[in-house]
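Beneath this line is the structure, given in structure tokens, with notes to follow.
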Amino acid sequence: MKKTLLALALIAALPASAFADNWMMRVRAIDIAPDVKSSSLPGVDVSDEWVPEIDFTYFVTPNIGLELILATARHEVTLNGTSLGKLNHLPPTLLLQYHFNPTSKIKPYVGAGLNYTRFYNVDLPGFKVDSNSVGGALQAGVDIAITKNGYINLDVKKIWIDTTVKTDAGVKVTDLDINPVVWGIGYGFRF
């Protein structure tokens, strides 16, 4: 407890300039394009969806960043083109990034990390899904400076998300891998 209080006191004593330009916030429009695979239902599919996304990046160094991505979407689940219903998922994703050329106007980056997905608002009559999933995530993108602290952002991510589908009686139907590729375009602000 004393060490924690001492660390907080030291951080509070730092000048505000020590934190200047260490944060970036981005707002993106993203296309979630699931790459669906099923262990026993080859005709199952999950719809593509466009949704807003927000993320926050903390720059540990000029080249190393930690990004937290937040978005949610509602997808339709189909079997051979027939709707089975809809479900929502919330996959907060934490990525460790490497930013190339941090002082240039064009700043490419790559990232790798983990997502924790929570399925909710499941409306699949006769079926239920496991409510949690943990998986990997990969990312590549670029920030293009348009003002001193403003950037246009282009980004692509691969996120591994899976669940088990069961009947309402608890009988396993299939393991469902959703594994979307997520394409994004947006605006970032460094502060």
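With point charges of +1 on the Cβ of Lys and Arg and -1 on the Cβ of Asp and Glu, referenced to the Cα centre of the stretch 78-191, which listed residue (102, 179, 88) lies farthest in the positive direction of the dipole?
102
Quote to one decimal, in nm, the extra length available between residue 187 and residue 162 on full extension: 0.36 nm per residue of separation minus the C-alpha distance between them. Write out the running numbers ahead of the final one.
On the way: separation 25, 0.36 × 25 = 9.00 nm, distance 2.98 nm.
Result: 6.0 nm gained on full extension.
Rolling a 1.4 Å sphere over the protein heavy atoms, what is the accessible area per residue of the stretch 116-177, to the nearest Å²?
Each residue of the stretch 116-177 exposes 49 Å² on average to a 1.4 Å probe.
Counting pairs on different chains as well as pairs 8 or more places apart, how many Lys pairs in the chain have Cα atoms under 13 Å apart?
4
With every protein chain kept in the model, how would you rank 174, 103, 82 by accessible area, 1.4 Å probe, largest at the top?
Listed by decreasing accessible area, they come as 103, 82, 174.
Which of rounded, prolate, oblate describes the chain, given a ≥ b ≥ c as roots of the alpha-carbon gyration tensor eigenvalues and a/c under 1.5 marking rounded, otherwise prolate only if a/b is larger than b/c?
Judged from the Cα gyration tensor, the chain comes out prolate (a/c at least 1.5, a/b above b/c).
How far, in degrees from 0 to 90, does helix 2-13 lean away from the longest principal axis of the Cα atoms of the chain, to the nearest 10?
On a 0 to 90 degree scale, this one is about 60.
Go through 22-35, 138-151 and give me the packing order, highest mean Cβ count within 10 Å leading.
Descending mean neighbour count gives 22-35, 138-151.
Below 8 Å between Cα atoms, with a sequence gap of 6+, how large is the relative contact order for the chain in percent?
Relative contact order here is 22 percent.
Within the accessible area of the chain, what % is carbon and sulfur when the probe is 1.4 Å and the other protein chains stay in place?
C and S atoms contribute 67 percent here.
The values are calculated or read from the model by the stated rules, or taken from the named source; none is laboratory data. No experiment lies behind these values; they were computed from the predicted model shown. Reconstructed Cβ throughout: ideal geometry from the backbone, glycine too, with neighbour counts over all protein chains shown. Note: areas computed on protein heavy atoms with side chains; ligands, DNA, RNA excluded. Shrake-Rupley method; radii C 1.70, N 1.55, O 1.52, S 1.80 Å.
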